[in-house]
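The values are calculated or read from the model by the stated rules, or taken from the named source; none is laboratory data. The structure presented is a predicted model; accordingly, all values stated were derived computationally and were not measured. Glycine gets a Cβ as well: all are built from the backbone with ideal geometry, and neighbour counts include every protein chain shown. Just the protein is used for accessible areas: all its heavy atoms, side chains included, with ligands, DNA and RNA removed. Shrake-Rupley method; radii C 1.70, N 1.55, O 1.52, S 1.80 Å.
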Amino acid sequence: MTELQFIANQLGAIRREEKNGRKFIVAPGVAIVEGVMNGELALADEFGKYPQSWDGRPIVIDHPKLHGQHVSANRLDVHSIGATYNTHLDGHKLKTEFWFDEGAVNAAG
């Protein structure tokens, strides 16, 4: 099996969970911090207005492309290795739990 490494703004202890017969590695972290991102000003008042809308967003390896163009990771044909849950705004930070599906991570490796 290939080792898969990732870098995240981890906030606390990593834990294991099992839901619906699937095993997950759960890591709390920061998804977005107010400031300039990709040349645009990202304000906490905007990205944090509806934090629950970030729940269920897919976690992917690299940004997905179709025909050389970046596409949304929310597409059905994009392979994800997990999703975000328990998202909330804390000051100027959008904090979430990254739920990595162990089966999907192993298949990606």
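Tabulated data for the structure shown
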{"read-out": "Failed condition for Thr84, given (1) part of a strand (DSSP E or B); (2) without any contact (Cβ under 8 Å) to a residue 60 or more places away in the chain; (3) surrounded by fewer than 18 Cβ atoms within 10 Å (Cβ to Cβ)", "value": "(3)"}
{"read-out": "Output for the stretch 60-71, where each listed residue is farther than 17 Å from Glu97 by Cβ and surrounded by 11 or more Cβ atoms within 10 Å (Cβ to Cβ)", "value": "Ile61, Pro64, Leu66, Val71"}
{"read-out": "Unique match (being farther than 20 Å from Gly29 by Cβ and β-branched (Val, Ile, Thr)) among Val71, Val60", "value": "Val71"}
{"read-out": "Filter result for Phe24 (aromatic (Phe, Trp, Tyr), open to solvent by less than 80 Å² (accessible area, probe 1.4 Å) and under 19 Å from Gly109 (Cβ atoms))", "value": "yes"}
{"read-out": "Filter result (touching a Phe, Trp or Tyr at 6+ places or on another chain (Cβ under 8 Å) and open to solvent by 40 Å² or more (accessible area, probe 1.4 Å)) within the stretch 90-101", "value": "none"}
{"read-out": "Count of residues meeting criterion [open to solvent by less than 70 Å² (accessible area, probe 1.4 Å), touching a residue at least 12 places away in the same chain (Cβ under 8 Å) and of a type outside the set (Phe, Trp, Tyr)] in the stretch 36-52", "value": "3"}
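For (1) farther than 26 Å from Asn106 by Cβ; (2) without any contact (Cβ under 8 Å) to a residue 40 or more places away in the chain; (3) surrounded by 12 or more Cβ atoms within 10 Å (Cβ to Cβ), each residue gets a yes or a no:
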position	(1), (2), (3)
Trp54	no, no, yes
Pro58	no, yes, yes
Asp77	no, yes, no
Ser80	no, yes, yes
